[in-house]
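Report on the structure given below.
The values are calculated or read from the model by the stated rules, or taken from the named source; none is laboratory data. Not measured: the values here are computed from a predicted model. As a convention, Cβ positions derive from the backbone with ideal geometry for all residues, glycine included, and neighbour counts pool all protein chains shown. Accessible surface areas use protein heavy atoms only, side chains included; no ligands, DNA or RNA. Shrake-Rupley method; radii C 1.70, N 1.55, O 1.52, S 1.80 Å.
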Amino acid sequence: MEKNMKYRFLIIGLFFCSFTFADTLPPFADQLNPGDGETGVPVETHITFNIHDQFDGVDLESIVVTMDGIQYTKTGAYSDFFENNPDIPDHSDYYISIIPIHYFDYGEIVNVQIDASDIMGNVMTPLAYSFECVVDDRPPDVGNFEPAPLEVDV
């Protein structure tokens, strides 16, 4: 009888705790691609990352990614937001892909900032990082001359 009472109190305690627990943790981003400090990144690269919230879920409308002063959001034409596990729609884990409006410049250092909050309004500390695009160290090619060099009687 005493053993059953312990389990009953444990179950009752867990039941009440589940109603009194409040989500106080903000979402966080990881799996940055390109990563922070990466060099030699192609100028036509896409930006991807995962964003997670451990409890109530990410507020997709709150996600803002800023690059080169341009903001990308869920409703923008250049961004895609995918739930990582659509079979369990808990809104806690998303894959984000941003296709920049224009190619970056060779040798450019691109600054990226990710801002988001969760459904309960917990705001993440903005994640700011940068990467460097590949340097253009190849001289231009010249070819297909018409008329060809040293050609006579043109």
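Structure summary
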{"item": "Among residues of segment 30-72, those that are over 13 Å from ILE101 (Cα atoms) and β-branched (Val, Ile, Thr), counted", "result": "7"}
{"item": "Selection within segment 89-115 - out of contact with any Phe, Trp or Tyr (no Cβ under 9 Å at 6 or more places or on another chain) and either aliphatic (A, V, I, L, M) or within 14 Å of LEU60 (Cα to Cα) (or both)", "result": "PRO89, ASP90, HIS91, ASP93, ASP115"}
{"item": "Scan of segment 45-61 for residues that are in contact (Cβ under 8 Å) with a residue 60 or more places away in the chain and not hydrophobic (A, V, I, L, M, F, W, C), ordered by number", "result": "THR45, ASP53, ASP56, GLY57, ASP59"}
{"item": "Flag if PHE16 is open to solvent by less than 80 Å² (accessible area, probe 1.4 Å) and at pLDDT below 95", "result": "no"}
{"item": "Some residue of segment 130-142 being of a type in the set (Ser, Thr, Tyr), surrounded by 12 or more Cβ atoms within 10 Å (Cβ to Cβ) and within 23 Å of LEU25 (Cα to Cα)", "result": "no"}
{"item": "Search result, residues across segment 100-126 that are open to solvent by 50 Å² or more (accessible area, probe 1.4 Å) and either closer than 26 Å to VAL43 by Cα or hydrophobic (A, V, I, L, M, F, W, C) (or both)", "result": "ILE101, HIS102, TYR103, ASP105, TYR106, ILE109, ASN111, GLN113, ILE119, MET120, VAL123, PRO126"}
{"item": "Members of segment 79-99 found to be at pLDDT 90 or above and open to solvent by 70 Å² or more (accessible area, probe 1.4 Å), listed by number", "result": "TYR95"}
{"item": "Which listed residue is modelled with pLDDT under 95 and surrounded by 13 or more Cβ atoms within 10 Å (Cβ to Cβ), from GLY69, GLY76", "result": "GLY76"}
{"item": "Residue ID - surrounded by the most Cβ atoms within 10 Å (Cβ to Cβ), chosen from residues in segment 40-66 that are aliphatic (A, V, I, L, M) and within 14 Å of the chain's Cα centre (by Cα)", "result": "VAL58"}
{"item": "Pair list, Cβ < 6 Å and 6+ apart or interchain, from segment 65-77 residues that are within 16 Å of TYR94 (Cα to Cα) to residues that are β-branched (Val, Ile, Thr) and surrounded by 13 or more Cβ atoms within 10 Å (Cβ to Cβ)", "result": "VAL65/ILE98; VAL65/ILE114; TYR72/VAL65; TYR72/ILE98; THR73/VAL64"}
